[in-house]
Amino acid sequence: MKNLFLIAIIFLIQSNLLLADIQKVRDWYVQIDEDAITDEKDYMIWTKNIPTSNSYPNQAEGWFGFLMKDYGYKNFKALYIDYDDYVCGMEGDEKLVNTIFRVDKNEPQKNRINNTGDRLSGYDLISDKITEDLIEQMFKGNNLVIRVFDDMCSQVVDYKFSLDGFSDAHNLIKHKGALKN
């Protein structure tokens, strides 16, 4: 339930959101939320992290996903990650968070994602070649590792995500008529 709450916060979904369709596709979830008043829909695919050697005891369960729309690179509008255990101080003042994304043994890709200000999560709009390359690698890969840097505390936390079901989750959302492209 925590995951759904955090997803709602990131995309500023209205509190009157009552209807949600969630379907699991191996390690990924397809989620279609419908606003009970406006009938506006949000389409998301997301997954939970797998603990790594750079995890630490009692590390919170993280998640990673995409907001899907009728536009954007292959219908990917924005990516988001939960890093609520990464914080140690006044990170809410930081606008950008340093990250490295790596699919399998591909070249690591540095990125700075937007901190939501709640110090729990970050997001990035799909708007550059680096992110488009990451998506292409995810369609072909097995695992994604995201390293999040807390520059204030010199803390580094790795989050590992299985890509098993990623392509099928993307295709399922299109099959449900959610996306036209």
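The values are calculated or read from the model by the stated rules, or taken from the named source; none is laboratory data. Everything numeric in this text was worked out from a predicted model, so none of it was measured. Note that we place each Cβ from the backbone using ideal geometry, even for glycine, and neighbour counts take in every protein chain shown.
The residue list Asn58, Asn111, Asn54, Asn98 contains one member that is at pLDDT 75 or above and either surrounded by fewer than 17 Cβ atoms within 10 Å (Cβ to Cβ) or in a loop (DSSP other than H, G, I, E, B) (or both), which is Asn98.
Looking across the stretch 158-172, the residues that are under 12 Å from Thr47 (Cβ atoms) and of a type in the set (Ser, Thr, Tyr) come down to Tyr159, Ser162. The residues listed here are Val156, Val103, Val148; of these, the one that is touching a residue at least 60 places away in the same chain (Cβ under 8 Å) and touching a Lys or Arg at 6+ places or on another chain (Cβ under 7 Å) is Val156.
Put simply, of Tyr123, Tyr71, Tyr86 the only residue that is of a type in the set (Phe, Trp, Tyr) and either over 17 Å from the mean Cα position of the chain (by Cα) or modelled with pLDDT of 90 or more (or both) is Tyr71.
Assess whether Lys140 counts as being over 16 Å from the mean Cα position of the chain (by Cα), modelled with pLDDT of 95 or more and closer than 23 Å to Tyr43 by Cα. Judged against the criteria, Lys140 is a match.
Scan the stretch 131-166 for residues that are in contact with a helix residue (DSSP H, G or I) (Cβ under 8 Å, 6 or more places away or on another chain), closer than 23 Å to Asn75 by Cα and surrounded by fewer than 15 Cβ atoms within 10 Å (Cβ to Cβ) and the total you get is 1.
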